[in-house]
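Engineer: Take a look at the following structure, please.
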Amino acid sequence: MKHALPILTALAVSLPGMALAHPHIFAEARMEVIAADGGTVAEVRNVWRFDEMFSSSVLLDFDKNTNLKLDEDELAELGEVMHTSLADFDYFTTVSVDGQSAAMQKPDAIHVSYEDNQILVFFAVKPEKPMPLKGKLAFGIYDPSMYTAIDFPTDKDLVAQGKGADACKHQVVRPDPDEIISQNSETLTEAFFDDPSGNDMSKLFATRLELTC
């Protein structure tokens, strides 16, 4: 821990001015929307695989016994730090129903592994209140500070599973940031670019899975 790279700084806001220039951390993701048999959203499962450079810095910070790997207790500590640090950013998870943001519970825990020199993060979030599969629902991942770039390599990495989702139309949306800014120029004020994490506009930029039911 002597290098003391805080996960809050690295995964969340850090230096907003630098973050707006370009991302500093990269991750590939998979997201699964799990539908309950009763026709509601049960939970949203996330898997993130971070780039090797960031993963090596995390190893440097959390490898307390300097054995060049992350042992079970070190992974547990890393997961707890992430669990606390990402709370203010809703765990980069954006969910909306008919265009209105939907509140999600905090994950019970964040599980972490270290494989092939990369950090893997696993967690699930559940709706705060019942979320029927009706209307248009959107589920995305986006860092509002723009410090972390989270990418879904293929459309197959955003899926809805469960009998309740079978009747819905599924569509993966990959927004063009330039188009979003142009189309929302009156809404995206200077305050958004000064502190993008202080609002809910991030859902416009998020790569997302849309379900029309």
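The values are calculated or read from the model by the stated rules, or taken from the named source; none is laboratory data. Note that the coordinates shown come from a computational prediction; the quantities given were computed from them, not determined experimentally. Every residue, glycine as well, gets a Cβ built from its backbone with ideal geometry; the counts of neighbours run over all protein chains shown.
Engineer: For T212, are the conditions met, namely being within 17 Å of the chain's Cα centre (by Cα), at pLDDT 80 or above and polar (S, T, N, Q)?
Structural biologist: Criteria not met by T212.
Engineer: Suppose we filter the stretch 142-160 for residues that are over 12 Å from T207 (Cα atoms) and at pLDDT below 95; how many remain?
Structural biologist: 5
Engineer: Kindly establish whether G164 is part of a helix (DSSP H, G or I) and touching a strand residue (DSSP E or B) at 6+ places or on another chain (Cβ under 6 Å).
Structural biologist: Yes, satisfied.
Matching residues to (1) at pLDDT below 90; (2) buried (at least 20 other Cβ atoms within 10 Å of the Cβ); (3) not basic (K, R):
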residue: H3; (1), (2), (3): yes, no, yes
residue: F26; (1), (2), (3): no, no, yes
residue: L75; (1), (2), (3): no, no, yes
residue: F92; (1), (2), (3): no, yes, yes
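Engineer: Give the stretch 58-73 a look and list any residue that's surrounded by 16 or more Cβ atoms within 10 Å (Cβ to Cβ) and assigned to a helix (DSSP H, G or I), or say none.
Structural biologist: V58, L59, D61, F62
Engineer: With (1) surrounded by fewer than 14 Cβ atoms within 10 Å (Cβ to Cβ); (2) over 22 Å from G135 (Cβ atoms) as the list, and G99 as the residue in question, which single condition is left unmet?
Structural biologist: (2)
Engineer: Hey, can you tell me all the residues within the stretch 132-184 that are touching a residue at least 40 places away in the same chain (Cβ under 8 Å), under 25 Å from F89 (Cα atoms) and among the basic types (K, R)?
Structural biologist: Correct list: K136 only.
Engineer: Suppose the filter is closer than 21 Å to V58 by Cα, in contact with a strand residue (DSSP E or B) (Cβ under 9 Å, 6 or more places away or on another chain) and free of Cβ contacts under 8 Å to residues at least 24 places away in the same chain; does E72 pass it?
Structural biologist: Answer is no for this residue.
Engineer: Sticking with this structure for a sec: For the stretch 81-140, which strands (runs of 3 or more DSSP E) that fit wholly inside it have 3 or more residues that are under 22 Å from R174 (Cβ atoms), within 14 Å of the chain's Cα centre (by Cα) and of a type in the set (V, I, T)?
Structural biologist: Filter on the stretch 81-140 gives 93-97.
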